[in-house]
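A short worksheet on the structure shown next.
Derivation of every value follows stated rules applied to the coordinates shown; laboratory data play no part. This one's a predicted model, so the numbers in the text were calculated from it and none came from an experiment. Every residue, glycine as well, gets a Cβ built from its backbone with ideal geometry; the counts of neighbours run over all protein chains shown.
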Amino acid sequence: MAARREPIAVDKVQLLLSLAVAMFALGLVGVIVRRNVLVMLMCMELMLNGVNLSLVTFAQQLGSTVGAVLVFLIFVVATAEIAIAIPIVLLLVRRKRTLDLDAYSDLKG
Amino acid sequence: MNALKLIVLLPLVGFLVNGLIGNRLGKRAVSIIGCGLPLISFAITVALFIQLGASGQPRIEAAYTWAAFGTTTFDIAFYFDRLSAVMTLIVTGVGTLIHIYSIGYMKDDDSYARFFAYLNMFLFFMLMLVLGRSLLVMFVGWEGVGLASYLLIGFWFQDPVNAKAGKKAFITNRVGDAGFLLGIFLLYHALGTLEMDRINAAFLAGPVAVSASLVGICLFIGATGKSAQIPLHVWLPDAMAGPTPVSALIHAATMVTAGVYMIARLNGIYLNAPAASQLVAAIGVATAFFAATIAIAQTDIKKVLAYSTISQLGFMFVALGVGAYGVAVFHLMTHAFFKACLFLGAGSVIHALSGEQDIRKMGGLRKRIPITYWTFLVATAAIAGIPPLAGFWSKDEILWFAFASGSGGSFLVFGIAALTALLTAFYMFRLFWLVFLGPSRMDPDVEHHVHESPITMTGVLVVLAGLSAVGGFISIPHFLEPLLPLPAVQPALKSFQMPLVALSVALGLLGLAGAWYFYGGPAGRTKAIKARFGGLYRLLAGKYFIDEAYEFFLGRPLHWISDHVFLRIGDRALFDGTLHGLAGLARGSAGVLSRVQTGNLHLYALLVLIGSFLCLVWSWAHG
């Protein structure tokens, strides 16, 4: 009979922070690797939410409500940002009929 | 009391109103403003003049302090003594008359308001020049009248010839102004003040820290520019490109006499500077003679009068050079009357002939424009020195002091001046004959349109002719004697005074007779003399080729240096080369650096990532 594994004592805070780092890293890799503008935007949101997660985690650890409130504020700002970013992407697509970012290298010196 | 300020500022108001909104006011309002304000200035001057005659004390009005350095201040102040009173009367009086004349002369011009604005601006600066107490104010006026002169010579700037004449006048005057400024600097350095009454007092009181002759010569260089004396006289004949009232006001009656006024005003310096005074007399008499000879062979009515003006200004400088300052101002005044009358008469002739200025295409105008004819006759006789008209008195006094003055009078100066007086009478009656008498040589379609000028023009001519006739009875030298004492007469020569008067009359009549002989008689006489003295005639008609000589000796070398040294080496090689080199360097390095800018967002993001990572590592390592 197999010995019952001892449950690994994982700290909740550590778990949450690892998740936050994973989200941030995933988003970062996505931004750098993917070419689709919309996917890049989503990845950026992923990064942002990774950071948000770390923020609430630390806030809870410190027993402060201020961090939690701040996260809601960031949500609002992020919403507004996306509300502007999506129309910009739409305008870009209307101009060049593609979502591939490589087509938008007009700032090449 | 602000009467003097008012005299100066009223024309400025006219300039501002006519210059800024004149085009919207209509010609009638422009004329009323343009002529009315100078007229008020004249009225105030007359009132102050009467007051001055009663008290005899100079009137000083400080306007404001322009600058203060430590204890030294530069005040803008006006000074009204007998000398500036006479000048102010001439400037505002003759000036107002010429403004009124311009109503008729310029009535069809599109830029009517601009013309009156400029004329008023000229009067403003001229009054600054005349009334200024310090050399600083005088210099501001001096430059300002130069500007007004430039603007009015080039008034019809659509024709490049006129614009060029304006530039020539302005640039030639710059040469003189450099000397004038040096004189001012020397005076300030030595005396610490620029107020002319104090400068005179300092020089009269005793030795000062600067050579009076040096200062006198520097200032006289300024006067040669403004008053068109050799060697800077070349601008005045070209200045005739401006409208005729301008020639009368600026280039005959007032502005060109500024140099004479300045020297008379600073007589304290020249009384202590025999060398400078001799130079003034020598240049004056030389200019008078050379200009008179040139005038004989000119065919443009205004050019004849221009050379005549230069010649008469030479007479004034002769008087200044021999110490007879009051006499110079006397001739200045009578000259303002008869030369303004002559120029305005010429303007009336040009107006009648629809713009024709060549006296070879005139003649027989006596019956056609009688008022112009009679006024021109009076003024011609006045300048020729026929008694008892104005020019006779003043010219006779100049000849007398050139002969007998104890400070610089000599037989040589007198001899040349007397010969010039003869030439003056000759060329003026020549002009008169060719324009008004003899058979008509006009183009038929011009002749058809000949008409007498309107009353605003002829009325002014009549007033000026009246002044030319009786102006000589105003004894200016006597009036100015408390301020500008006349030089002592050499005792041995006292008995020559009456014979000299007789000689002076004889010279005028001889000139008249000569002109009658050549131009009243058959045309063959002038042709014969032209053929006989062909070389001399070409020399005179070509104005001694001084313009050409300046062009050859100054213009071309300057042009060569400008082109080869300053343009090709300096400008193109040095400045442009440096700038182009720097620009090329910037462009080249930018080309290299711009390769970093790929426009690829992924790369940017990666670089940002690497950068922040490195920052983190660094801060951790140094934490």
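Quick check on the stretch A:69-92: of everything there that is in contact (Cβ under 8 Å) with a residue 40 or more places away in the chain and away from chain B (no Cβ under 14 Å), which residue is nearest to A:LEU48 (Cα to Cα)?
Residue satisfying both the conditions and the ranking: A:ILE82.
Got a sec? Which of A:GLY27, A:GLY50 is within 14 Å of chain B (Cβ to nearest Cβ), part of a helix (DSSP H, G or I) and among the small types (Gly, Ala, Ser)?
A:GLY27 is the lone residue from the list that is within 14 Å of chain B (Cβ to nearest Cβ), part of a helix (DSSP H, G or I) and among the small types (Gly, Ala, Ser).
A quick yes/no check of all residues on (1) within 30 Å of B:ALA541 (Cα to Cα); (2) surrounded by 24 or more Cβ atoms within 10 Å (Cβ to Cβ):
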{"position": "B:GLY406", "(1), (2)": "no, no"}
{"position": "B:MET428", "(1), (2)": "yes, yes"}
{"position": "B:LEU431", "(1), (2)": "yes, yes"}
{"position": "B:VAL446", "(1), (2)": "yes, no"}
{"position": "B:THR458", "(1), (2)": "no, no"}
{"position": "B:VAL501", "(1), (2)": "no, no"}
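If a residue has to be surrounded by fewer than 21 Cβ atoms within 10 Å (Cβ to Cβ) and either of a type in the set (D, E, K, R) or in contact with a helix residue (DSSP H, G or I) (Cβ under 8 Å, 6 or more places away or on another chain) (or both) to count, how many in the stretch B:1-15 make the cut?
6
Can B:THR92 be described as touching a strand residue (DSSP E or B) at 6+ places or on another chain (Cβ under 9 Å), under 23 Å from B:ASN18 (Cβ atoms), crowded, with 20+ Cβ neighbours inside 10 Å and in contact (Cβ under 8 Å) with a residue 40 or more places away in the chain?
No: the conditions fail for B:THR92.
Are there any helices (runs of 4 or more DSSP H) wholly within the stretch B:390-454 with 3 or more residues that are of a type in the set (A, V, I, L, M), and if so which?
It comes to B:390-404, B:411-436.
Residues being on the phi < 0 side of the Ramachandran plot and loosely packed, with under 10 Cβ neighbours inside 10 Å: count how many of those fall in the stretch B:65-88.
Within the stretch B:65-88, residues that are on the phi < 0 side of the Ramachandran plot and loosely packed, with under 10 Cβ neighbours inside 10 Å number 2.
State all residues of the stretch B:300-335 that are closer than 23 Å to B:THR92 by Cβ and touching a His at 6+ places or on another chain (Cβ under 6 Å); if no residue qualifies, say none.
Across the stretch B:300-335, the qualifying residues are B:GLN312, B:MET316.
Having 3 or more residues that are more than 10 Å from chain A (Cβ to nearest Cβ) and touching a residue at least 24 places away in the same chain (Cβ under 8 Å) is the bar; report the helices (runs of 4 or more DSSP H) wholly within the stretch B:544-610 that clear it.
The qualifying helices (runs of 4 or more DSSP H) are B:546-550.
I'd like the full set of residues that are under 16 Å from B:ARG360 (Cα atoms) and within 25 Å of the chain's Cα centre (by Cα), limited to the stretch B:430-478.
Listed by number, the residues that qualify are B:LEU431, B:PHE432.
Given (1) more than 24 Å from the chain's Cα centre (by Cα); (2) surrounded by fewer than 23 Cβ atoms within 10 Å (Cβ to Cβ), identify the lone condition not met by B:VAL413.
(2) is the only condition that B:VAL413 fails.
Looking only at helices (runs of 4 or more DSSP H) that fall completely inside the stretch B:218-274, which ones have 1 or more residues that are among the polar types (S, T, N, Q) and touching a residue at least 60 places away in the same chain (Cβ under 8 Å)?
Ranges flagged: B:244-248, B:267-271.
Suppose we keep only residues that are among the charged types (D, E, K, R) and assigned to a helix (DSSP H, G or I) within the stretch A:75-98. Which one would you say is surrounded by the fewest Cβ atoms within 10 Å (Cβ to Cβ)?
For the stretch A:75-98, the residue satisfying everything is A:ARG94.
Is it true that some residue in the stretch B:508-525 is more than 21 Å from B:THR420 (Cβ to Cβ), in contact with a helix residue (DSSP H, G or I) (Cβ under 7 Å, 6 or more places away or on another chain) and not in a helix (DSSP H, G or I)?
No; the residues of the stretch B:508-525 include none that is more than 21 Å from B:THR420 (Cβ to Cβ), in contact with a helix residue (DSSP H, G or I) (Cβ under 7 Å, 6 or more places away or on another chain) and not in a helix (DSSP H, G or I).
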